Amino acid sequence: MYTIQGYVKVKSLEEAYELNQKKSSAVIGGGMWLRLGSRAIGTAIDLSDLELDRIEETEDEFIIGCMTSLRNIECHEGLNRYFHGMMKNMLKGIVGTQFRNMATIGGSLYQRFGFSDPLTAFLALDTTVEMYAGGMIPLDEFVSMNYDRDILVRIHVKKDGRRAAYQSFRNTKTDFPVLAVGASRMADTWKVTIGARPARAVTAENSEKLSDRLAGDLPEEAVERVIREFASEVSEKVRFGSNMRAGGEYRRMLSEVLIYRAVRDILSQSEEQEM
Ligand SMILES: Cc1cc2nc3c(=O)[nH]c(=O)nc-3n(C[C@H](O)[C@H](O)[C@H](O)COP(=O)(O)OP(=O)(O)OC[C@H]3O[C@@H](n4cnc5c(N)ncnc54)[C@H](O)[C@@H]3O)c2cc1C
């Protein structure tokens, strides 16, 4: 159980940032992860007066405040319509509805957990994190940065016309994922991200290779072979580790299956669009 000595509901991000420079301070998101630890928190910083618990849709992007609950993202009509149900797929396995009503996207992405579903999924999209001091940082870069004492303010997800899909495998329905895969297709470029390896998510592929191989009027057996080969090649590039949930070799095999399913999902979205 954690303990808190002082509590400040801040009036500005500047105030939050200044308070957070002390090592004993902590920003409180949903508090769902923090409460499992035993930290002695000097000052708990509450951002809930800063109107950061909302999702805004503009012509070019979705802007998600750090205090937005996972549940609000999961149920957001605009995000799910644009990314073909990806938000729902990435979040539905996290514990339960009540939990997702509390946990925030700021707390989830800031921590960069190895098992993170949203980190893996947002990495497959064109996502930028807006940090108070650090400014706009592409998620691809943020994922491998060290922790500092900055504040994650919002995340920005581009509406760039990409098709996207998310797949995860869990030993039981609401356990941490054994493996997570995000995929997207932007024009001819396919991006594949792999998380819960069990290390932090990585971008395993970002190229036109798959589109080149699928070009022309291929018979279904050839399409099947090309996707399977692609899934296998991409999986070979990634290092998988072992933990209590699964061994590395099992994760590699799962990766091939989940990449295959994600690619199929995206191809069927494109077919639907053409009909
Ligand atoms: C039992 C359990 C099971 C889980 N299962 C899964 C799962 O299957 N898949 C998955 O992806 N996730 C899972 N999670 C993680 C969960 O979804 C959240 O990511 C986690 O609870 C953190 O979100 P929070 O809002 O509760 O953050 P908090 O606990 O409030 O904060 C977490 C950390 O982030 C910092 N922080 C919070 N907000 C900010 C901010 N805006 N800027 C800078 N720092 C900030 C805090 O200071 C703290 O260090 C699980 C968590 C638990 C407790």
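Quick one: would you say SER108 is in contact (Cβ under 8 Å) with a residue 12 or more places away in the chain and open to solvent by less than 60 Å² (accessible area, probe 1.4 Å)?
yes
For LEU70, state whether it is in contact with a Phe, Trp or Tyr (Cβ under 9 Å, 6 or more places away or on another chain) and either of a type outside the set (A, V, I, L, M, F, W, C) or under 26 Å from ALA165 (Cβ atoms) (or both).
Answer is yes for this residue.
What pairs come out if I take residues in the stretch 120-135 that are on the phi < 0 side of the Ramachandran plot and not assigned by TED's automatic domain parsing to the domain that holds THR189 and pair them with residues that are open to solvent by 30 Å² or more (accessible area, probe 1.4 Å) and assigned to a strand (DSSP E or B) whose C-beta lies under 6 Å away, six or more apart or interchain?
ASP126/LYS158; THR128/MET136; THR128/PRO138; GLU130/MET136; GLU130/ARG154
From the list VAL10, VAL95, exactly one residue is within 12 Å of the ligand (Cβ to nearest atom), assigned by TED's automatic domain parsing to the domain that holds MET136 and of a type in the set (A, V, I, L, M). Which is it?
So the residue among VAL10, VAL95 that is within 12 Å of the ligand (Cβ to nearest atom), assigned by TED's automatic domain parsing to the domain that holds MET136 and of a type in the set (A, V, I, L, M) is VAL95.
So, VAL129, is that one outside any helix (DSSP H, G or I), of a type in the set (Val, Ile, Thr) and surrounded by fewer than 17 Cβ atoms within 10 Å (Cβ to Cβ) or not?
When the stated conditions are applied, VAL129 does not pass them.
Among the residues of the stretch 177-189, are any buried (at least 24 other Cβ atoms within 10 Å of the Cβ), in a loop (DSSP other than H, G, I, E, B) and in contact with a strand residue (DSSP E or B) (Cβ under 9 Å, 6 or more places away or on another chain)?
Within the stretch 177-189, one or more residues are buried (at least 24 other Cβ atoms within 10 Å of the Cβ), in a loop (DSSP other than H, G, I, E, B) and in contact with a strand residue (DSSP E or B) (Cβ under 9 Å, 6 or more places away or on another chain).
The values are calculated or read from the model by the stated rules, or taken from the named source; none is laboratory data. In this text, all values refer to a predicted model and were calculated from it rather than measured experimentally. Note that we place each Cβ from the backbone using ideal geometry, even for glycine, and neighbour counts take in every protein chain shown. The protein model used for the area step is the full one, side chains on, heavy atoms only, and it has no ligands, DNA or RNA in it. Shrake-Rupley method; radii C 1.70, N 1.55, O 1.52, S 1.80 Å.
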